[in-house]
1. Which angle between 0 and 90 degrees, to the nearest 10, do you get for helix 320-337 versus the longest principal axis of the chain when only C-alpha atoms count?
2. Given an 8 Å cut-off on Cα distances and at least 6 residues of separation, report the relative contact order of the chain as a percent.
3. Let a ≥ b ≥ c be the square roots of the eigenvalues of the Cα gyration tensor of region 2-224; is it rounded (a/c under 1.5), or, if not, prolate (a/b larger than b/c) or oblate?
4. Looking at the chain as a GNM with Cα springs under 10 Å, which of Gly177, Gly11, Gly290 has the largest mean-square fluctuation?
5. Looking only at Ala349, Ala168, Ala160, which one moves most when the chain is put into a Gaussian network model with springs between Cα atoms under 10 Å?
6. Among Met1, Met304, which comes first, then next, by fewest other beta-carbon atoms within 10 Å?
7. Under the classification rounded if a/c is under 1.5, otherwise prolate if a/b is larger than b/c and oblate if not, where does the chain fall, given a ≥ b ≥ c as square roots of the Cα gyration tensor eigenvalues?
8. Quick one: net charge around Ala292, please, counting Lys, Arg +1 and Asp, Glu -1 for every other residue with C-beta under 12 Å from its C-beta.
Amino acid sequence: MILVVADDLTGAAELGGAAVARGLSAWWVRQPPWPEDADVLCLDTRTRDLPPGDAAARVREGVAPWAGRAGLRVYKKVDSVLRGPVLAEVEAVRSALGFRNVLLLPANPSRGRTIRDGHYFIGGVPLDRTEFARDPVHPRVTSDVLALVGRMEGVQVRLAGLDEPLPASGIVIAQAGSEADVARWAARWGEETLPAGGLDFFRALLDRWLPPRPEHATRSEALSGRIGVTCQKLTTPATIRRVLLVSGTASPRAREWRQQCGRAGVPVECVFSGDETDLGDLASVADRVGRACANGLAAEGRAMLCLGEPARAASLGDQPSVWLDLLARAARVVCERETPDLVLVEGGATAAALLDEFSWDRWRIQKEWAPGVVELCGPDGSGPALVLKPGSYAWPEAIRRLWFKGRTL
């Protein structure tokens with residue numbers, strides 16, 4: 001079995017999707033009991049926004065039941081641009097499970113995210129000159145990788161190139177400028193080393209850990225149970241009639257999508273209109289917005305639910321977590337009144353708030369629409385399927401075609 005330890009929901013789901021694409025069964029989980037039929041367990045510790053000491057304690061508690069388990073593979077998922085208490089969490093997993101050292105490869109060259117000469121680049125642009133510099137919680141104000149991870153007392157952290165030897169202890173941050181570099185780093189991994197990083201490194205390690213997939217193993221065979229296990233209710237374009245999109249991000253891509261919805265006649269409902277002077281009763285706000293969105297979904301088969309003008313909402317004195325909880329409550333109202341076949345969720349914090357509304361601590365990872373864009377369903381297969389993606393990712397073309405089917409932009 002493979003245990004993935006991630007600091008947030010979308011990171012856990014992202015790697016679970018990669019496992020499902022390889023024909024494995026995968027679950028997103030937060031706490032026991034663990035699914036017995038899982039090839040891959042993706043443990044979401046929800047620690048990205050915690051102080052380092054608190055994050056390390058929660059991670060140690062989460063992985064403690066797996067100490068000494070024979071045949072277990074472990075991967076520590078970290079944010080690809082190193083947001084959150086990365087060193088504290090990686091070291092917590094290493095020490096709790098008895099690894100000698102850590103090989104940390106956060107770069108994802110498949111998405112243009114590379115590390116060279118000690119600096120992080122996205123599409124050739126230094127990290128601190130990208131939209132991540134404006135992250136409201138973890139702004140990336142430098143591209144210097146060692147500065148991004150910081151320091152931790154008693155833990156040696158160093159950068160290394162492919163031709164450099166790996167030290168016997170400490171944390172090594174691997175530099176990688178291409179997918180071939182990532183594959184070469186995966187070839188250097190050893191049993192006593194904890195691998196940590198992003199999606200590309202995990203995929204490369206799966207190539208080492210799993211036998212070659214038979215050429216005749218088709219997707220339908222995997223779904224039938226010969227290779228993996230999925231929900232019985234598999235969404236396909238033919239079965240999807242009602243789609244709800246819940247967006248809690250203010251990224252340029254999300255704003256553009258919202259504008260395109262307006263031009264295509266897709267209903268868009270916002271929690272904040274920009275004119276509020278007082279939120280009043282939050283439950284009433286969620287109910288009002290949710291009902292309006294449900295009416296739009298029933299009429300058009302598509303509806304978008306978003307925050308609207310959160311910058312103006314800040315003047316009301318509430319925190320972003322309150323806004324997202326409000327958005328998630330409104331989404332639940334929609335699902336209760338006009339059950340969609342599919343719910344698209346944009347943004348990791350938004351997805352976490354929405355899953356909290358469903359009160360389930362485990363979801364089966366059903367399929368990967370594209371790298372990082374993953375479909376989940378509830379443990380009993382009931383309710384709508386959810387498709388999650390990080391706020392910085394674009395929706396894949398298959399989702400775009402499904403959403404705007406029959407509409408003119």
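Each reported figure results from applying straightforward, stated rules to the coordinates on display, with no laboratory input. Worth saying up front: this structure is predicted, and the values here are computed from it rather than measured. Cβ atoms come from the backbone with ideal geometry, glycine included; neighbour counts cover every protein chain shown.
1. 60
2. 18
3. Judged from the Cα gyration tensor, region 2-224 comes out rounded (a/c under 1.5).
4. Top of the fluctuation ranking is Gly177.
5. Ala168
6. Lowest to highest Cβ neighbour count: Met1, Met304.
7. prolate
8. 0
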